[in-house]
Amino acid sequence: MTSFLDNDVWRRLGWSLVLSILGPVLLGGPGQGAWAQAVEDTSQTRPTEVEPAAPDSLPTEDLTSSLQAPADTEDVDRAYVNADSLSTRQRGGERIQEMFGDVFVRQDTTRVRSQYALRYLNRDEILFADDVVIYERGDTLRADTVRYDRATEVGRARGHVRLTNGGVRVRSERATYHASEKRSVFPDSVTLVDSSRVLRARFGTYWSDEERAEFGGGVRLTEPGTELLSDSLTYYRDQDRSIARGDVFIDRQGGENARADTTNRTYLFGDRVDNREARRYSRVEGDARLVRVRMDSTGAPTDTLVVTARRLEAFRTDTHRRLVAVSDVRIWQPDLAAVADSAVYDRVVAATPDSALDQDVPIDTTRPAPDSLTIAEDRTAPDAETPPPQPPRSDSLDAGSETRSDSTAGRARPPSDTTTRPTPTDPTPAPDSIERPRSRSAPGGSPRQWNTPTAASDSALPLEETRLFRSPVTWFEDSQVWGDSIRVRSRSRSIDTVFVRGAAFAARRDSVLDRIQQLKAPHIVAYFDVGSLRRIRARPNARAIRFLAAENDSLNGAARTSGDRIELRFDEGRVKRISVVGGTQTTYYRKNENIPD
C-alpha cells in the first residue's frame, strides 16, 4: 500500500513539474499584436500592451510579475517593434525575424511603418517592404522598400521614393536617408517641387533642417516665365536663393507692360549665377552675357540688346529694371554700340508717383544703388555680398553745371591744340571697379552724380538709359564718341540724347567727302529726333575740325575753329549749320597739302 501511494505521489509531482515548465510555453504562442525589442529574439504575445524584457531578465520564479526591460547598456539605441504577427527562424546560419501586418518600429525620434518587415537579429538591420513610411522630425519619406541600419540610423530606400517636408516634395527612384542629420541623398534622377518651382537633376542631396538642396548633372530649374540650365545648383529655400554653376543658361519669357502681340525673351549666359528672388536681385559671373529680344506677333525681332562683361548684376523694382555690367563691357543695339570698363543700364517700366519725382529713386532697398562711386569685386568668399555702392549721379548740363568737369582724377590731359584721344598715364585700377570722377570746381572734389531716370506718366514709356564709365567709347550712325563718362538716353526704343563728360571727343564720318569731322570739349551733348542725329553742342572751350565741300561735293579745304560753345546742326546726316559763340578763332586750310587728316 505504501509503495503504491509513494508511486502515485511521485507521479503527481512529476506531472506537476512538467506542467509548470511547459505550461507557459504551450499557452504563450504567437498571437495577434506582437511586440519585440531589437536586442535579442524576444518573440512573445502582447496581451497586456506591456513591452517585453530581454530574455536574460525574464523571471524564473514568479511568472505573474510584470515584465520590465532592464537599462539598455548597448551602444545602439533600443528599438521597439510592433506587428500583427511575427516569427523567428534560422536562414543560412543567420537568425531572422519576420513581421507581418501593420509593422511599426520606433528608435529614438525615428518611426517606421510598413506592412512587412524582415529583421536581421545579428546585424541590427531591418528590411521594410510594402507601403514603407519613415517619420523623422517633420520629414516623411515613402518608398516601396527601405533597408534600415539601426547602428548608423541610415535607411536605403528603393522604388517610388517620395520625401516631403513642409511645402517641399522630392521624388526619385532611390535615396539614402540619414535620419540623425535629416539628410537625403538621391543618386538617381531626382525632382524637387517647391510651390511653382521645379528643380530636376541627375543626382542631388537635400538637407531638411537647413532647407538646402545641392543638385548636379544636367540641372534644370523651371518656374513661371523662367527656365535655368546648369551643371550644378545650390538651392536655399529659406532665403529664396539659388546659385548655379557651370555653363549656366537662363531663358526668361515675357516682360513688363508687354503688348499682347509682343513676346519678350531675355537670355543670360555665364559660369556662375546667383539669383536672390526675395531681393529681386541676380548676379552673373564669368563671361557673362545678356541677350534681350523683343519680337512681334510674327516672331520677327523688333529690338535687340546684347551686353557682355565679366560680371552682370540685375536689380528689379516695381518701376525700374537695372543692369550693372563690370569689366570689359560690350553693348550692342541696332542703333548703338559701346565699350567701357563698367556700365549701368536702367529701364523705366512704370511711371513714378508724383511724390517721388524730385527724389532719388532707390533701385535696391537693401543697399545703395550700384551705379555709383565704386563697385569693387568681392575677392574673399564667392558667396560674399557685393560691397555697397554709392548713390547715383545727377546729370543736368545747364549753364550752371556745365563748367564742372567729370574727368577722372590723375588722368593725363591732351595738349590744347590736339583733337586726339587722351592716353591714360596713371596705373590702371582694378578692372571691376567704377571709380568716381572728381569735380575740379566742387569744394573738396565732391562728385557729380547721374540721377536715376524717372517717368512722370506712362506716355513717356519705355524710357531707357545707359551710363558708361572709365574710358567709354560709343558708336551711333556714322559717329564715334568717347570721354570720361557717357550717358545715352533712349525713348520709345530710339536714341534721344547722348551726354559726354570729361575730355569729350566726337568724330563723324562725312560719307561725301570721305573725311572725319571732329569735335572736342569738356562736355558734349548730342540730340536726336526719332533716332536721327539733329544737333551737337560742345562747351566750354570747344574745338572743331571740319572739312568744307564745294558745290560739286568735292573737298574744298578745312577749318579749325575754337570758341566757348560750338553747335552743329544736321539734316539727313549732313552738317547744315555751325554756330560758334564766344572767343571765336578760326583757321582755314585751302591747299590740299595743308588740309589736316
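A few remarks follow.
- Any hit, region 443-450, residues being surrounded by 16 or more Cβ atoms within 10 Å (Cβ to Cβ) and at pLDDT 60 or above: yes
- Hey, residue 284 free of Cβ contacts under 8 Å to residues at least 60 places away in the same chain, hydrophobic (A, V, I, L, M, F, W, C) and under 21 Å from residue 493 (Cβ atoms) or not: no
- Residues satisfying the stated conditions in region 146-160, i.e. in a strand (DSSP E or B), of a type outside the set (Lys, Arg) and surrounded by fewer than 19 Cβ atoms within 10 Å (Cβ to Cβ): 149, 154, 159, 160
- Test result for residue 106, charged (D, E, K, R), in a strand (DSSP E or B) and touching a residue at least 60 places away in the same chain (Cβ under 8 Å): no
- Residues within region 475-519 that are aromatic (Phe, Trp, Tyr) and touching a Gly at 6+ places or on another chain (Cβ under 7 Å), tallied: 1
- Complete set of residues in region 224-245 that are within 21 Å of residue 292 (Cα to Cα) and surrounded by 15 or more Cβ atoms within 10 Å (Cβ to Cβ): 226, 228, 229, 230, 244
Residue-wise test of (1) in contact with an Asp or Glu (Cβ under 8 Å, 6 or more places away or on another chain); (2) of a type in the set (S, T, N, Q); (3) not assigned by TED's automatic domain parsing to the domain that holds residue 98.
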residue: 122; (1), (2), (3): yes, yes, no
residue: 127; (1), (2), (3): no, no, no
residue: 143; (1), (2), (3): no, no, no
residue: 160; (1), (2), (3): yes, no, no
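- From the options 577, 546, 537, residue that is of a type outside the set (A, V, I, L, M, F, W, C), closer than 21 Å to residue 477 by Cα and without any contact (Cβ under 8 Å) to a residue 12 or more places away in the chain: 577
- Residue among 590, 560, 574 that alone is more than 14 Å from residue 538 (Cα to Cα) and either outside the structural domain of residue 523 (by TED's automatic domain parsing) or touching an Asp or Glu at 6+ places or on another chain (Cβ under 8 Å) (or both): 574
- Checked against (1) among the small types (Gly, Ala, Ser); (2) touching a residue at least 40 places away in the same chain (Cβ under 8 Å); (3) surrounded by fewer than 16 Cβ atoms within 10 Å (Cβ to Cβ), residue 297 passes all but condition (2).
- For region 580-596, the set of residues classified as touching a residue at least 24 places away in the same chain (Cβ under 8 Å) and out of contact with any Gly (no Cβ under 9 Å at 6 or more places or on another chain) consists of 587, 596, listed by residue number.
- When residue 174 is tested against (1) surrounded by 17 or more Cβ atoms within 10 Å (Cβ to Cβ); (2) touching a Ser or Thr at 6+ places or on another chain (Cβ under 7 Å); (3) within 30 Å of residue 200 (Cβ to Cβ), exactly one condition is not met: (2).
The values are calculated or read from the model by the stated rules, or taken from the named source; none is laboratory data. Everything numeric in this text was worked out from a predicted model, so none of it was measured. Here Cβ is always computed from backbone atoms with ideal geometry, including for glycine, and neighbour counts include all displayed protein chains.
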